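Notes for the one structure printed next.
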Amino acid sequence: MKEYYTYAYLREDGTPYYVGKGTGNRAYTKHKRRGNNAVPVPTDNNRILILKRFYDEDLAYRHEEYLIFHYGKEKDGGILINLCEGGRTRAIYTEEERKERRKIAVKKYYENNKEKCNAASKKWLDENRESRRLAERTRYAKNPEKYREKRRRNYLRKKNK
């Protein structure tokens with residue numbers, strides 16, 4: 001069974017400056033946020049405090065949310081450098097920003113792994129060719145006029161090029 005925990009990074013005076021939820025070695029490793037802006041992990045392990053352990057991830061998230069609410073974020077007048085409210089939220093980005101970031105990440109991954117992506121795509125097409133043909137025949141049988149019109153449009157479009 002996986003174990004989750006909440007942790008805090010402490011300043012020299014003992015006050016927390018970052019609160020998080022983790023599993024495994026998360027509290028002791030560098031983690032990024034907003035590009036290359038990393039949360040500074042204390043070099044002294046005595047300033048990394050494991051606050052509470054959980055066997056339920058949702059309880060760990062709720063405890064993290066509580067701690068962030070209790071200490072407050074710097075941008076709201078609190079003492080923590082956390083950007084989010086905690087939990088499963090990604091409150092720092094709007095839905096449009098998330099979609100745009102996802103597009104950029106996919107494009108960058110494809111540019112760095114073109115051969116791998118093309119090979120995987122070709123393999124998927126080869127493996128699913130028959131099922132795709134069967135699905136196309138079934139759709140054609142249900143509505144032949146629609147598909148005849150579609151083929152005619154494609155023919156005219158290619159002819160005009």
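None of the figures in this text is laboratory data; all of them are computed from the coordinates on show. Note that this is a predicted model, so its numbers are computed, not measured. Counting neighbours? That spans all protein chains shown, and the Cβs are built from the backbone with ideal geometry, glycine included.
Take ASP13, project a point 7 Å from its Cα along the Cβ direction, then tell me which residues of the range 52-72 have their backbone nitrogen under 16 Å from it.
71-72
Add +1 for every Lys or Arg and -1 for every Asp or Glu among the other residues with Cβ under 15 Å from the Cβ of ARG133, and state the total.
With Lys, Arg at +1 and Asp, Glu at -1, the net is 0.
So which of LYS2/LYS52; LYS32/LYS108; LYS114/LYS158 end up more than 20 Å apart by C-alpha?
LYS114/LYS158
If I build a Gaussian network model for the chain, linking alpha-carbon pairs within less than 10 angstrom, which residue out of ARG132, ARG101, ARG11 has the largest mean-square fluctuation?
Looking only at ARG132, ARG101, ARG11, the largest GNM fluctuation is found for ARG132.
Specify the angular offset, from 0 to 90 degrees and rounded to the nearest 10, of the alpha carbon long axis of helix 57-71 from the longest principal axis of the alpha carbons in the chain.
Helix 57-71 sits roughly 50 degrees off the main axis of the chain.
Expressed as an acute angle from 0 to 90° and rounded to the nearest 10, what is the orientation of the C-alpha long axis of helix 95-112 relative to the principal long axis of the chain?
It is inclined by approximately 70 degrees.
Towards the positive end of the charge dipole of the range 1-134, with charges on Cβ (+1 Lys, Arg; -1 Asp, Glu), say which of ASN25, CYS117, HIS63 has the farthest Cα.
Result: CYS117, furthest along the dipole toward the positive end.
Counting only other residues whose beta carbon sits under 10 Å from that of TYR4, what net charge do I get with K and R as +1, D and E as -1?
Cβ neighbours under 10 Å give a net charge of 0.
Which value in deg cm²/dmol, rounded to the nearest 500, describes the helix-derived mean residue ellipticity at 222 nm for the chain, given -39,500 (n - 2.57) per DSSP H run of n ≥ 4 and division by the residue count?
-17000 deg cm²/dmol
As a quick test, which of the pairs LYS73/LYS99; LYS107/LYS159; LYS30/LYS99; LYS30/LYS73; LYS122/LYS161 have an alpha carbon distance above 30 angstrom in this structure?
LYS107/LYS159
Could you give the angle, 0 to 90 degrees to the nearest 10, between helix 114-142's Cα long axis and the longest principal axis of the Cα atoms of the chain?
That helix lies at roughly 50 degrees to the long axis.
Run the dipole for the chain about the Cα centre, Lys and Arg Cβ at +1, Asp and Glu Cβ at -1, nothing else charged, and hand back the magnitude in debye, nearest 20.
2220
What residue among LYS123, LYS142, LYS52 has the largest mean-square fluctuation in a Gaussian network model of the chain, using Cα springs under 10 Å?
Answer for the Gaussian network model of the chain: LYS142.
Amide H of LYS52 versus every other amide H placed in the peptide plane: which residues, excluding those fewer than 5 positions away on the same chain, fall under 5 Å?
It is THR6, by chain and number.
Tell me which residues come under 5 Å, amide H to amide H, from TYR18 once H is placed; ignore anything under 5 positions away on its chain.
Counting only residues 5 or more places away or on other chains, the set is TYR9, ILE81.
Springs between alpha-carbon atoms under 10 Å, Gaussian network over the chain: tell me which of VAL41, VAL19, VAL106 tops the mean-square fluctuations.
Comparing VAL41, VAL19, VAL106 in the GNM, the peak value goes to VAL106.
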